[in-house]
1. Give the span of the chain's Cα atoms along each principal axis, as three whole-Å numbers ordered largest to smallest.
2. Mind running the shape call on the stretch 1-43? Use the C-alpha gyration tensor, a ≥ b ≥ c as the square roots of the eigenvalues: rounded below 1.5 for a/c, prolate if a/b tops b/c, oblate otherwise.
3. For n ≥ 4 DSSP H runs only, could you compute -39500 (n - 2.57) per run for the chain, divide by its residues and tell me the 222 nm figure to the nearest 500?
4. What number comes out for the charge environment of Gly40, summing +1 per Lys or Arg and -1 per Asp or Glu over other residues with Cβ under 14 Å away?
5. Can you compute the charge dipole magnitude of the stretch 27-133 about its Cα centre, using +1 on each Lys and Arg Cβ and -1 on each Asp and Glu Cβ, nothing else charged? Give it in debye, rounded to the nearest 20.
6. Between the alpha-carbon centers of the stretch 99-114 and the stretch 37-75, tell me the distance in whole angstrom.
7. Residues with beta-carbon under 14 Å from that of Leu59, excluding Leu59: net charge, scoring Lys, Arg +1 and Asp, Glu -1?
8. Using a Förster radius of 25 Å, what is the FRET efficiency between Met108 and Val56 based on their Cβ-Cβ separation? Nearest 0.05, please.
Amino acid sequence: MSSHRLNYYRNMFLSAAIFNFFAGATILFMFSEFYAFIGGENIQASALLEAFRILVALLVLLFGFVYFYISQNIQTEHARALATVSLIGKLIFFGVFSSFAFADQLPMGMAGLVLLDLVYSLLFLEYVRYTKG
């Protein structure tokens, strides 16, 4: 692949990273202001909740495909890299959902469910450490 093409792809992914960092920080720290800015004050909260429910479900399914890919390519560096991202994702799910459950803002059953995410994150960490080149 030419250096021009490599540079193009490098910059493409860098711009995507910058966009995601900005969007993620905005949603995390300034959601109310952002939502009002894009006209969200006229939308029912139930529609927003449904959109986020679908998004979370699709991300869970996406990671299921990632785990399947890892299982079929267990000795590759790609699998190891994906497992590293996966263990961070599992810790994020555990941290967010369990903290809301312990704050009585979600059912405690949610904390029990995401406890499996914590277990898997530890198992993924063991895999990443064991397969370290």
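1. 50, 43, 21
2. It is prolate, given that a/c is not under 1.5 and a/b is the larger ratio.
3. Per the formula, -29000 deg cm²/dmol.
4. Working: positive: none; negative: Glu33, Glu41, Glu50.
Neighbourhood net charge equals -3.
5. Values: 5 positive and 7 negative charges, 89 e Å.
It comes to approximately 420 debye.
6. Centre-to-centre (Cα) distance: 19 Å.
7. Around Leu59, the surrounding residues sum to +1.
8. 0.85
Any read-out appearing in this document is the output of simple, stated calculations on the displayed coordinates, not a laboratory observation. A quick note: this is a predicted structure, and the numbers were derived from the prediction, not measured. Because the Cβ atoms are built from the backbone with ideal geometry, glycine has one as well, and the counts that use them run over all protein chains shown.
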